[in-house]
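Taking it in order: structure first as structure tokens, then the write-up.
The values are calculated or read from the model by the stated rules, or taken from the named source; none is laboratory data. Remember, predicted model here, so these are calculated numbers, not experimental data. Note: ideal-geometry Cβ built from the backbone for every residue, glycine included; neighbour counts use all protein chains shown.
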Amino acid sequence: MRVILESKVRKKPSLPIEAEAIIPRNFLKGTDLVVFEGNKERTLSELFWIFVEGTAVSPENIEVVLKGDTSRIKRVGEYMDTGTILIEGDIGMHCGNFMSGGTIEIRGSADAWLGREMRGGTIVCRGNAGHYCATGYRGEKKGMQGGTVEVFGNAGDFCAEYLAGGTVHIHGHTGDFPGVEMRGGELLIEGDATRPCGNMKNGSCVILGTVHDLLPTFEKSGTHLLPERNLEMDVYTGDVANRGKGTMMVASRALRR
Amino acid sequence: MTELWVKNACVIDPIRGINGEIMDIAIRDGRIVESVSDRADVIDAHRCLTLPGGIDSHTHVSGTKVNFGRYMSPEDMRAGRTKRRGKMHVTSGYYVPTTFGNSYRYSAMGYTTLLEGAMAPLEARHTHEEFTATPHQDMLANTLFDGNWAVMDAVREHDVRKAAAVVAWTLNAARGYAIKLTNPGGTEAWGWGDDLTSIHEQVPHFAVTPAEIITTLIQANELLRLPHSVHLHCNNLGKPGNYQTTLDTFELVPDLNPARQSLYATHVQFHAYGGGTWRNICSKAEEITRSINSKPQIVMDMGQIMFCRTMTMTADGPMEFNLHCLHHNKWSNHDVELETGSGIIPVTYSKKSAVNCIMWAIGLELALLTKSPWQCLLETDNPNGAPFVKYPEIIGLLMSKRYRDEECATLHAETEKRTSLWALERELDWHEIAVMTRAGQAKALGIASQGKGHLGIGAEADIAIYPIRTDMVDPAREYRKVVEGFQKTRYTIKRGRVVSRDGEIIVDGANATFWVNAKVPEDIRMENDKEFIRRFEQFYTVRMSNYPVQDLYLPRGRCIETEAML
């Protein structure tokens with residue numbers, strides 16, 4: 001079954017919509033769902049043109065497609081456990097909060113807190129991701145714990161903060177402090193990064209681009225060849241300031257040509 | 001004139017020696033009276049368990065460090081959210097909830113009086129402001145004197161009268177209720193990055209020892225005739241092998257007051273560790289309770305921990321630093337000039353940790369091995385050991401050996417070897433629970449004479465009616481019913497008004513704040529003491545005239561006046 005939600009033109013298009021109801025499982029019983037626009041409760045049909053194609057008996061077979069201006073829609077896919085969500089444009093904050101299964105594909109860019117405290121499943125973002133991609137929320141000491149986040153563009157600051165499990169793959173650059181407070185999982189950054197992995201406890205981070213302002217609390221422990229890319233990497237252990245046992249690999253300058 | 005008639009109540013009122021009698025209670029204008037007119041509102045208690053309103057004799061719910069705990073844990077504000085509903089404000093938070101959250105949850109559990117465990121006099125205004133926003137409980141504030149410079153100067157000069165006068169002035173200025181000593185001397189040493197490891201070690205620059213501070217203030221407390229005794233958080237909290245310090249401290253305590261204890265030792269679970277390192281820590285609850293059982297002049301409370309995520313907050317700054325070194329998590333440290341310090345860190349008590357399991361067992365051992373329930377009161381040092389919403393579970397554990405056995409089976413294997421909990425058969429009864437949750441507190445805090453903790457004629461009509469039929473529930477087997485029953489009262493009556501019904505708050509509260517004004521003779525009053533004023537103006541960053549809390553901060557203050565014997 002495919003549920004297509006095409007956003008209607010709104011009087012105040014900048015008002016955020018809190019749409020934690022948009023997860024595939026909820027469409028099993030119909031499209032009679034409730035979201036909040038600002039502080040007003042709205043039914044889904046007030047904000048979207050809804051098209052349903054086919055039927056489904058289990059939520060795994062449900063695909064939700066979001067079209068039109070979706071850049072102010074927050075919390076899409078929160079607590080999602082199965083099925084597929086396809087977003088054709090940009091998406092608002094907190095997409096895929098606490099997600100434990102299924103797939104979210106974003107053709108445009110994602111705002112902040114993409115896949116925060118995710119437990120499982122897959123998020124693919126073809127554009128850029130905002131700040132705090134794949135992290136924990138304010139004060140939370142366990143961020144993303146499982147699953148995969150792949151961003152083809154750049155990510156903002158604090159990408160993969162408090163990462164505890166799963167993999168995060170950023171094809172572009174990241175902002176300040178990627179992988180800070182990491183305690184597990186894998187972070188791969190193909191572009192550049194600034195001050196990565198501060199206070200890291202465990203897990204591994206691979207950076208193929210340039211690292212700006214590498215923190216002095218990382219200890220170089222050797223080199224390693226990445227065979228699939230034929231790149232020689234400098235291996236660092238840290239963050240020693242926090243008795244950390246994490247691994248950070250940075251492409252060696254000498255061989256990067 | 002408002003009247004209320006509670007009929008068919010199964011009353012347990014330990015202070016008046018009533019144990020499970022079916023009786024009626026008449027209330028007029030917030031006080032319990034002989035009888036009321038037939039126009040009174042009637043509540044039928046249906047023979048359910050009816051107790052005086054609960055009293056928590058040591059909890060941290062208001063003040064600067066509690067509030068800083070809130071700042072530090074935005075993640076906690078995602079838990080326990082309730083919407084605004086009827087008379088109820090919005091609440092949020094689980095282990096450091098908003099003030100209204102604290103008040104409503106205590107009220108739902110039948111608690112009507114709380115003692116804030118530690119208030120720094122310099123920061124008293126904040127505490128009193130939060131008291132007014134904790135509307136359903138009468139509040140009292142323990143005032144910190146552990147590193148007070150003027151007190152330590154008096155102790156060094158062996159001048160008990162002067163120490164008493166300083167205490168009287170400060171209690172009056174801070175609108176405090178009792179003397180609290182938190183790691184006496186240690187918090188001042190922490191100002192120099194140091195801690196004291198024994199009660200006979202000297203405080204840097206002051207040439208006094210914790211033992212001298214404790215004994216002097218116990219005497220000063222009696223000279224001032226304060227309603228409560230000295231409230232002590234012993235030195236060396238949370239260090240393996242600290243039980244010896246605790247026992248040494250208990251040996252210092254004379255029996256000076258026939259009406260109540262001379263020392264209230266708080267959260268003793270944290271002070272009852274044997275061994276020398278975290279690897280070989282073991283329970284010394286038997287030694288501690290042997291000492292308590294032979295010393296009627298001491299009352300303690302459990303400081304039970306429960307397995308959950310929580311926040312530790314105490315004036316004991318150096319201890320929190322040690323904990324921070326263990327956990328490597330966020331940490332706050334604070335110095336209150338000339339008075340005390342504080343520290344805050346979040347912790348998670350886990351069944352996977354042998355140390356946590358042993359701590360859990362020690363708390364229960366203390367309660368079960370103390371012969372008189374009047375000497376071991378139930379609390380968790382909220383939120384240090386666990387948030388207070390866990391009290392019903394602790395009651396269940398104390399009343400049922402089977403519940404304990406089931407819990408014990410899930411603990412770390414080391415626990416059985418290093419504690420004696422497995423061998424304890426004792427199961428407390430309803431009367432003992434009533435003592436440990438209200439009557440004992442009222443007596444220990446000296447507020448029974450204010451009409452708290454009992455249901456005699458003239459007492460304040462603070463009543464908790466729990467949906468438990470004591471004649472039909474066997475707590476040893478049906479402990480789940482006990483736990484559920486104590487979680488939510490059918491009615492909580494505060495000063496003659498029903499404030500909470502089945503956990504729902506139905507009126508705006510109007511609590512009172514009790515404070516003590518101990519009158520000392522003109523010649524030794526601190527406001528006439530030139531040397532005290534000079535040092536105050538020299539060292540404090542506030543003027544002495546700006547220091548006392550104005551009455552504005554206590555819209556419903558209730559002053560208890562005492563005549564000092566000086």
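Remarks
- Looking across A:Cys159, A:Cys205, one residue alone is over 20 Å from A:Met93 (Cβ atoms) and touching a residue at least 24 places away in the same chain (Cβ under 8 Å). It is A:Cys205.
- Single residue of region A:200-255 satisfying the filter (touching a Leu at 6+ places or on another chain (Cβ under 9 Å) and small (Gly, Ala, Ser)) that is farthest from A:Ala164 (Cα to Cα): A:Ser252
- Just one residue in the set B:Lys488, B:Lys494 is touching a Ser or Thr at 6+ places or on another chain (Cβ under 7 Å) and among the basic types (Lys, Arg); that residue is B:Lys494.
- All of B:Leu232, B:Leu237 fail the test of being under 25 Å from B:Pro387 (Cα atoms), within 21 Å of the chain's Cα centre (by Cα), part of a strand (DSSP E or B) and assigned by TED's automatic domain parsing to the domain that holds B:Met306, apart from B:Leu232.
- Restricting region B:70-98 to residues that are in contact with a Phe, Trp or Tyr (Cβ under 8 Å, 6 or more places away or on another chain) and within 12 Å of chain A (Cβ to nearest Cβ), the residue that is nearest to B:Asp335 (Cα to Cα) is B:Ser73.
- Residues in region A:140-179 that are of a type outside the set (Asp, Glu), touching a Phe, Trp or Tyr at 6+ places or on another chain (Cβ under 9 Å) and within 14 Å of chain B (Cβ to nearest Cβ) were compared, and the one that is nearest to B:Gly93 (Cα to Cα) is A:Lys141.
- Test for B:Phe145: is it closer than 21 Å to B:Gly451 by Cα and out of contact with any His (no Cβ under 8 Å at 6 or more places or on another chain): no
- Any hit, region A:171-194, residues being assigned to a strand (DSSP E or B) and touching a residue at least 40 places away in the same chain (Cβ under 8 Å): yes
- Of the residues making up region B:332-365, those that are small (Gly, Ala, Ser) and within 26 Å of B:Leu181 (Cβ to Cβ) are B:Ser332, B:Gly341, B:Ser342, B:Gly343, B:Gly363.
- Any strands (runs of 3 or more DSSP E) falling wholly within region B:256-364 and containing at least 2 residues that are closer than 23 Å to B:Phe388 by Cα and more than 19 Å from the chain's Cα centre (by Cα): B:340-348
- Here B:Leu398 clears all of (1) within 14 Å of chain A (Cβ to nearest Cβ); (2) free of Cβ contacts under 8 Å to residues at least 40 places away in the same chain; (3) not in a strand (DSSP E or B) except the condition numbered (1).
- Listed by first and then second residue, the pairs linking a residue in region A:234-245 that is within 10 Å of another protein chain (Cβ to nearest Cβ) to a residue that is surrounded by 23 or more Cβ atoms within 10 Å (Cβ to Cβ) and not in a loop (DSSP other than H, G, I, E, B), with Cβ atoms under 9 Å apart and 6 or more places separating them unless they lie on different chains, are A:Gly244/A:Gly238.
- B:Gln261 vs. criteria buried (at least 18 other Cβ atoms within 10 Å of the Cβ), within 21 Å of B:Ala442 (Cβ to Cβ) and touching a strand residue (DSSP E or B) at 6+ places or on another chain (Cβ under 9 Å): yes
- Scanning region B:52-68 for residues that are in contact with a Ser or Thr (Cβ under 8 Å, 6 or more places away or on another chain) and assigned to a helix (DSSP H, G or I), we see that the one that is farthest from the other protein chains (Cβ to nearest Cβ) is B:Thr64.
- Only a single item in (1) in contact with a helix residue (DSSP H, G or I) (Cβ under 7 Å, 6 or more places away or on another chain); (2) assigned to a loop (DSSP other than H, G, I, E, B) is not met by B:Ile457, and it is number (1).
- Test for A:Ala251: is it aliphatic (A, V, I, L, M), without any contact (Cβ under 8 Å) to a residue 24 or more places away in the chain, within 20 Å of A:His171 (Cα to Cα) and touching a Gly at 6+ places or on another chain (Cβ under 9 Å): no
- Count - residues of region B:535-566 that are without any contact (Cβ under 8 Å) to a residue 40 or more places away in the chain, more than 16 Å from B:Leu171 (Cα to Cα) and exposed (fewer than 11 other Cβ atoms within 10 Å of the Cβ): 3
- Those residues of region B:172-197 which are at pLDDT 95 or above and surrounded by fewer than 24 Cβ atoms within 10 Å (Cβ to Cβ), in sequence order: B:Asn172, B:Ala173
- Evaluation of B:Ala189 against the conditions (1) within 24 Å of B:Pro346 (Cα to Cα); (2) out of contact with any helix residue (DSSP H, G or I) (no Cβ under 9 Å at 6 or more places or on another chain) shows that the sole unmet condition is (2).
- Only one of the numbered conditions (1) of a type in the set (A, V, I, L, M, F, W, C); (2) modelled with pLDDT under 95; (3) under 25 Å from A:Gln145 (Cβ atoms) is violated by A:Ala56, and that is (3).
- Scope region B:376-394; condition assigned to a helix (DSSP H, G or I) and either buried (at least 24 other Cβ atoms within 10 Å of the Cβ) or not assigned by TED's automatic domain parsing to the domain that holds B:Lys239 (or both); matching residues: B:Phe388, B:Tyr391, B:Ile394
- Complete set of residues in region A:123-159 that are of a type in the set (Val, Ile, Thr) and assigned to a loop (DSSP other than H, G, I, E, B): A:Thr135
- Which listed residue is of a type in the set (Ser, Thr, Tyr) and either out of contact with any Gly (no Cβ under 8 Å at 6 or more places or on another chain) or surrounded by 22 or more Cβ atoms within 10 Å (Cβ to Cβ) (or both), from A:Ser204, A:Ser221: A:Ser221
- Of the residues making up region B:324-339, those that are farther than 30 Å from B:Ser350 by Cβ and in contact with a Pro (Cβ under 9 Å, 6 or more places away or on another chain) are B:Val336, B:Glu339.
- Between A:Tyr132, A:Tyr137, the distinction of being within 14 Å of another protein chain (Cβ to nearest Cβ), under 11 Å from the mean Cα position of the chain (by Cα) and either more than 25 Å from A:Arg243 (Cβ to Cβ) or not aromatic (Phe, Trp, Tyr) (or both) belongs to A:Tyr132 only.
- Selected residue (only one of B:Glu212, B:Glu222 is under 21 Å from B:Gly440 (Cβ atoms) and either out of contact with any strand residue (DSSP E or B) (no Cβ under 7 Å at 6 or more places or on another chain) or surrounded by fewer than 21 Cβ atoms within 10 Å (Cβ to Cβ) (or both)): B:Glu222
- Single residue of region A:5-46 satisfying the filter (of a type in the set (Gly, Ala, Ser) and over 17 Å from A:Lys67 (Cα atoms)) that is nearest to the chain's Cα centre (by Cα): A:Gly38
- Matching residues in region A:49-69 - criterion: being aliphatic (A, V, I, L, M) and touching a Gly at 6+ places or on another chain (Cβ under 8 Å): A:Ile62, A:Val64, A:Leu66
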